[in-house]
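Quick notes on the structure that follows.
Where a number appears in this text, it was derived from the coordinates with a stated rule and is not lab data. This one's a predicted model, so the numbers in the text were calculated from it and none came from an experiment. No Cβ is skipped: glycine too gets one built from the backbone with ideal geometry, and neighbour counts run over all protein chains shown.
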Amino acid sequence: MLNGTPCPIENGTKETIDMLFSRENSGGEYSGAGDWLFTDKPEEVVLQTGVFSRKGTERIIRYACETASDLGKTLTSISKANALNYSMVFWNQVFEEVSREYPHVETASYLVDAAALTPDVGGTSSTIEVGDAIVELIESKYV
């Protein structure tokens, strides 16, 4: 927590904060795709490529939907689609498609910058991370 910055869980205890962290780290930036070019030269360049397959993206989003359904929670997808205009736009599209299969699960989608400023994102949550995308199962304190 940043000094002087309010945080919805700063006074929480293990009894009042129920969080589950799951990490899908075989895709996205964890795929190991990239290159190192012109090593030790002024033109040196490194490339880090995030690889998002439909199969892997659907798998983690479906897991989040199933978990939200089982727990009776809402599901919020948080991405960086404003900067990662291929992988995260794809992520948002797949999130929308898969979440339609779970009409009983209330969903929302935010850009990470907006989510940081959104009071409804405060509360207890479970987080599933795929590359730069985060799916959060949120029990909002405002609902």
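A few comments on the model shown:
- A Förster radius of 30 Å, combined with the Cβ-Cβ distance separating Glu97 from Leu47, puts the computed FRET efficiency at roughly 0.55.
- Per-peptide average of other Cβ atoms within 10 Å, ordering 40-52, 67-79, 93-105 highest first: 67-79, 93-105, 40-52
- Surface/4 estimate of mean projected area, convex hull on alpha-carbon atoms of segment 45-116, nm²: 5.5
- Proximity of backbone amide H atoms, modeled 1.01 Å from N, is registered between Ser53 and Gly28 at under 5 Å, excluding neighbours fewer than 5 places apart on the same chain.
- For Thr107, the residues 5 or more places off, or on other chains, whose built amide H falls under 5 Å of its own are Leu75.
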